[in-house]
Amino acid sequence: MRDGAVYDVTEVVDAVLADRPADEPGDAFVARLGAVAAAVGAADLGAPACRAAEAAFLSPVATPSKIVGAPVNYRDHVAEALGDAGISWGASATSIDEAGLFLKAPSSLVGPSEGIALRFPERRTDHEVEVAVVIGRRCRRTSAAAALDHVAGYALALDVTLRGGEDRSFRKSIDSYSVLGPFLATPDEVGDPGDIAFSLDLNGEPRQASSTASLIKGVPELIAWASEWYTLEPGDVLMTGTPAGVGPLRPGDAIACRMAGTIEMEVAVRAAESAA
């Protein structure tokens, strides 16, 4: 996307990925992002395919091996959860050091144009806007000082959460409950990962707003911590946590998110189709 116009770079990307080994782990596009960017930059793209407002944005990562979540990583959300039994369900909201990380099923991943399909409308399901980190190269037991060298880029994320007493990963891994988009913003586009402003409006009303400056565990620390427990592959998504302001979603709702001033995505909420 350039100046609000969308260009078709399929042939350029396919040429770069043509020699990818079949058994190579991770997302092929993200693993070769540098080569892809160089090839696209050197190519004659011709006329744009459409304007951005006319495009349907899917997830910028197609095949992550894992989605890693960071619970209770903003102090205001910890306080919010402790004061709302509808969020905590009787469990005490502990610090992230005590809670640890969790995994979401890659099958829950969608892009903003695909929207959120509420599976259990009789139960409370909340929006949680977050800044997502996309890993660019294999990361295993790295230090916080070296962690950012492994980052391909950043994106907005919605960690949609069904409230209840079941395990956190079980309730957060429903189809469409991990929204990523609208595109992969490279580190130079985002600036300091320690101070990325982001927000969420629901049906035009402001609900969540914060900055990664308020994270309990910052981006480098989260990457290093996750890499102590998991081998992070290219394309893996690390959702960094949500601030206060989470709230219920209903079919027909419209979500608007913003990050780093100019990166925006809109997500529609609908009821999931009934089981056959």
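The values are calculated or read from the model by the stated rules, or taken from the named source; none is laboratory data. Just so we're clear, the structure is a prediction, and the values are computed from it rather than from any experiment. Neighbour counts run over all protein chains shown; Cβ positions are idealised from the backbone, glycine included.
Count of the stretch 211-263 residues, restricted to those that are assigned to a loop (DSSP other than H, G, I, E, B) and more than 14 Å from the chain's Cα centre (by Cα), is 19. One residue stands out among those in the stretch 158-181 that are under 22 Å from residue 124 (Cα atoms) and in contact with a Phe, Trp or Tyr (Cβ under 7 Å, 6 or more places away or on another chain): the one that is surrounded by the fewest Cβ atoms within 10 Å (Cβ to Cβ), which is 165.
Which one of 119, 124, 140 is surrounded by fewer than 22 Cβ atoms within 10 Å (Cβ to Cβ), over 23 Å from residue 250 (Cβ atoms) and in contact (Cβ under 8 Å) with a residue 24 or more places away in the chain?
Numbers: 119 fails: over 23 Å from residue 250 (Cβ atoms); 124 fails: over 23 Å from residue 250 (Cβ atoms).
Among 119, 124, 140, only 140 is surrounded by fewer than 22 Cβ atoms within 10 Å (Cβ to Cβ), over 23 Å from residue 250 (Cβ atoms) and in contact (Cβ under 8 Å) with a residue 24 or more places away in the chain.
For the stretch 71-99, the tally of residues that are in contact with a helix residue (DSSP H, G or I) (Cβ under 8 Å, 6 or more places away or on another chain), touching a residue at least 40 places away in the same chain (Cβ under 8 Å) and either not hydrophobic (A, V, I, L, M, F, W, C) or not assigned by TED's automatic domain parsing to the domain that holds residue 242 (or both) stands at 7.
Is there a residue in the stretch 182-191 that is within 17 Å of residue 158 (Cα to Cα) and buried (at least 24 other Cβ atoms within 10 Å of the Cβ)?
Here is the first cut: in the stretch 182-191, the residues within 17 Å of residue 158 (Cα to Cα) are 182-185.
Filter again for buried (at least 24 other Cβ atoms within 10 Å of the Cβ), leaving 182.
For the stretch 182-191, residues within 17 Å of residue 158 (Cα to Cα) and buried (at least 24 other Cβ atoms within 10 Å of the Cβ): present.
The set of residues in the stretch 100-116 that are of a type in the set (S, T, N, Q), in contact with a helix residue (DSSP H, G or I) (Cβ under 8 Å, 6 or more places away or on another chain) and farther than 11 Å from residue 158 by Cβ is empty.
Residue 194 passes every criterion in (1) surrounded by 14 or more Cβ atoms within 10 Å (Cβ to Cβ); (2) more than 23 Å from residue 106 (Cα to Cα); (3) touching a Gly at 6+ places or on another chain (Cβ under 8 Å) apart from (1). Residues in the stretch 14-34 that are more than 23 Å from the chain's Cα centre (by Cα) and not in a loop (DSSP other than H, G, I, E, B): 14, 15, 16, 17.
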